[in-house]
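FYI, it's all coordinate maths here, none of it is from the lab. These numbers come from a predicted model, not from an experiment. Backbone-built Cβ (ideal geometry, glycine too); neighbour counts: all protein chains shown.
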Amino acid sequence: MKKHTLIAILLLWMGVGYTNVSQAQVDVKIKPTLTSRHYWRGIMVSNSVNIETDLQFNFSRFQLGFYGGYALEKGEYSEFDIHCFYNITNNLRLSIWDFYASRGKASIDEYDYFDFDRLTTNHLINADLYYRRGNSPISLLWSTFLWGCDLDTDGDQRYSSYFELDYHFKVGTNNLTIFAGANVFDESAYATKTAFVNVGISCQNHIKINDNFKLLVWAKVAMNPEKKTSNLIFGIGI
């Protein structure tokens, strides 16, 4: 997909979202999290303890957010993302992410944030479609890298794609999810062939501190059958 076409689509989509929510009251949320590791879709992004923060502006069906992730071990990992969510229907959500991570360098500060040359940029534009019907225990996710630093050896976009099937249920006050995520195409960012790359179970709950404040705690057992790895990750936030 050519860059000017992608930009036009994004601007049109954001314009539609703004039209629908321009009269709505803005709900601002700050969501800090402390995690034992940063593990994402079968990829160990950071082995260190990480501080992550998501600043969200919610307008009815539309959300604009800014995410930052930083390892406590200096030079291990840093990331700054911009994301937009739009609820197409009550069951279907579209999200666009601009991933901007250190990718092996000591810091994102070593890159030029305003470099938008497709062959040299550190930006990575990702689109997600998430479907869950009402309170159904089943949810589906399709995700594709549309533009940026997801290139093959010839400099062409790989359009790396990921599909995940989740099953949600409760045990007491605990919210659990069994998940199975797969790399879709050969030679992509997730794996060299079609395979399951992210399989496991997660659990989250809230610890009440007082009538006005609760802590969110979660744990996740995640395995990558393709890489033959397994992890237990813990997180705490609000």
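I'd like the Karplus ³J(HN,Hα) series for region 132-139: coefficients 6.51, -1.76, 1.60, θ = phi - 60°, whole numbers in Hz, and an x wherever there's a Gly or Pro.
Listing the rounded values in order: 8, 8, x, 9, 4, x, 9, 9 Hz.
Taking a ≥ b ≥ c as the square roots of the Cα gyration tensor eigenvalues, with a/c under 1.5 meaning rounded and otherwise prolate when a/b beats b/c, else oblate, which class fits the chain?
Rounded is the answer for the chain, as its axis ratio a/c remains below 1.5.
Students often get this wrong, so check it: of K170/K208; K105/K227; K31/K193; K29/K227, which have C-alpha atoms separated by over 26 Å? Provide the component values of the computation, followed by the final result.
Values: K170/K208 18 Å; K105/K227 23 Å; K31/K193 35 Å; K29/K227 36 Å.
Beyond 26 Å: K31/K193; K29/K227.
If you put +1 on each Lys and Arg Cβ and -1 on each Asp and Glu Cβ, how big is the dipole of the chain around its Cα centre, in Debye rounded to 20?
920
Would you calculate the separation in nanometres between label points at N212 and R61, each defined as 7 Å from the Cα along the Cα-to-beta-carbon direction?
With each label point 7 Å from Cα toward Cβ, the separation is 3.5 nm.
Taking the dipole about the Cα centre of the chain, with the C-beta of Lys and Arg at +1 and of Asp and Glu at -1, give me whichever of S143, A195, T89 is farthest to the positive side.
T89
Using Cα pairs closer than 8 Å and at least 6 residues apart in sequence, work out the relative contact order for region 12-169, in percent.
Details: 358 pairs, mean separation 20.7, N = 158.
This gives 13 percent for region 12-169.
Test of understanding: what is the full-extension gain from S230 to I88, defined as 0.36 nm times their sequence separation minus their Cα-Cα distance? Provide the component values of the computation, followed by the final result.
Numbers: separation 142, 0.36 × 142 = 51.12 nm, distance 3.52 nm.
Length difference between fully extended and current span is 47.6 nm.
Determine, for each peptide in 191-200, 209-218, 134-143, the mean count of other beta carbons within 10 angstrom over its residues, then list the peptides with the highest first.
In decreasing order of mean packing, 191-200, 209-218, 134-143 become 191-200, 134-143, 209-218.
With n ≥ 4 as the cut-off for DSSP H runs, can you work out [θ] at 222 nm for the chain, using -39500 (n - 2.57) per run divided by the number of residues, rounded to the nearest 500?
-2500 deg cm²/dmol
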